[in-house]
Amino acid sequence: MPTITPMRPAELGRRLDAGEWVFDVRDPRSFAEEHLYGTVNVTVPQLTHLVGVLPAGATFSVIGGTVPELDEALDRLAVLGRAPRETAVGRPADLGPALATYPRVTFRDLVRARRETNRPDPAGRGWDDEPVRRAVVVDVRDPAEYARGHLRGAVHGSLPIEASMIREGLPGRIRRPLRKTLPPPTAGVRLWVHCADGTRASVAAGLLERAGHEVAWLDDDLEAACRNGVVRLTSLF
């Protein structure tokens, strides 16, 4: 069994402030509800993929909600011959002060947000009772999936954006197709990140938040939303 090297909250905060990679292997819904700002949420299989593309010599840390979660992550990483610099276990509130959250939403919520952007409420409040923000949809499915059908106006950036961002070594840099079309991080704009079922979008949402964007994670089934008439897709063909 790999040894877990504990990390003190103050040290974790310093690593995040320095821009080091800290991966949170809790489930995506718990992460969306509360996490340490600057951490990236990945499942254990996704963790091995991302660590595999880290630049040579790059360090990373792993945090989780329970010791068994970390045990599984360390076992998988050992197969790659990689190990985190340090690890931490516990609730985000116990690990550091810089807490963050982002909304877990559905395609129905997206339809409402787009409608409110076009016809804002006189009080300036949106579907979540917060100030209305311009909704920019980011589709992180594969190129072939996007070509077969996508939401009107969606920006495409398939999940390899994470590997690309990591290879470049600069948190917040996004691969070239997205850099051309995403607005800069700014108040009044929220990125609504989706894939086919929310799995890939959960990773991309955390990365885009780390890059400074305000995000919403679409934890929803795109095919079902289309079948139920909630949204319609447009094709490149």
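Among the residues in segment 193-208, are any assigned to a strand (DSSP E or B) and within 24 Å of V22 (Cα to Cα)?
Yes, there is a match, as at least one residue in segment 193-208 is assigned to a strand (DSSP E or B) and within 24 Å of V22 (Cα to Cα).
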Any residue in segment 176-193 that is open to solvent by less than 60 Å² (accessible area, probe 1.4 Å), touching a Phe, Trp or Tyr at 6+ places or on another chain (Cβ under 9 Å), of a type in the set (A, V, I, L, M, F, W, C) and modelled with pLDDT of 80 or more? yes
Would you confirm, using the coordinates I've provided, whether A98 is in contact (Cβ under 8 Å) with a residue 40 or more places away in the chain and within 16 Å of P45 (Cβ to Cβ)? no
Scan segment 10-41 for residues that are closer than 12 Å to V62 by Cα, open to solvent by less than 10 Å² (accessible area, probe 1.4 Å) and in contact with a Phe, Trp or Tyr (Cβ under 8 Å, 6 or more places away or on another chain) and jot them down. V22, F23, D24, T39, V40, N41
Among residues belonging to segment 44-57 that are in contact (Cβ under 8 Å) with a residue 40 or more places away in the chain and in a loop (DSSP other than H, G, I, E, B), point out the one that is most open to solvent (accessible area, probe 1.4 Å). P55
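Among the residues of segment 58-69, is any free of Cβ contacts under 8 Å to residues at least 12 places away in the same chain and more than 26 Å from C195 (Cβ to Cβ)?
Looking through segment 58-69, at least one residue is free of Cβ contacts under 8 Å to residues at least 12 places away in the same chain and more than 26 Å from C195 (Cβ to Cβ).
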Just to check your reading of the model, which residue among A10, A32 is in contact with a strand residue (DSSP E or B) (Cβ under 8 Å, 6 or more places away or on another chain) and not in a loop (DSSP other than H, G, I, E, B)? A32
All helices (runs of 4 or more DSSP H) inside segment 75-152 with 3 or more residues being over 22 Å from T59 (Cα atoms) and at pLDDT 90 or above: 107-118
Run down L222, L207, L233 and say which single residue is touching a residue at least 24 places away in the same chain (Cβ under 8 Å), aliphatic (A, V, I, L, M) and open to solvent by 50 Å² or more (accessible area, probe 1.4 Å). L233
Condition check for V155: hydrophobic (A, V, I, L, M, F, W, C), open to solvent by less than 70 Å² (accessible area, probe 1.4 Å), modelled with pLDDT of 90 or more and in contact with a helix residue (DSSP H, G or I) (Cβ under 9 Å, 6 or more places away or on another chain): no
Can you find even one residue in segment 26-44 that is of a type in the set (A, V, I, L, M, F, W, C), under 12 Å from P84 (Cβ atoms) and touching a Leu at 6+ places or on another chain (Cβ under 9 Å)? no
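The values are calculated or read from the model by the stated rules, or taken from the named source; none is laboratory data. The structure displayed is predicted, hence computed values, not measured ones. As a convention, Cβ positions derive from the backbone with ideal geometry for all residues, glycine included, and neighbour counts pool all protein chains shown. Side chains included, ligands, DNA and RNA excluded: accessible areas come from the protein's heavy atoms. Shrake-Rupley method; radii C 1.70, N 1.55, O 1.52, S 1.80 Å.
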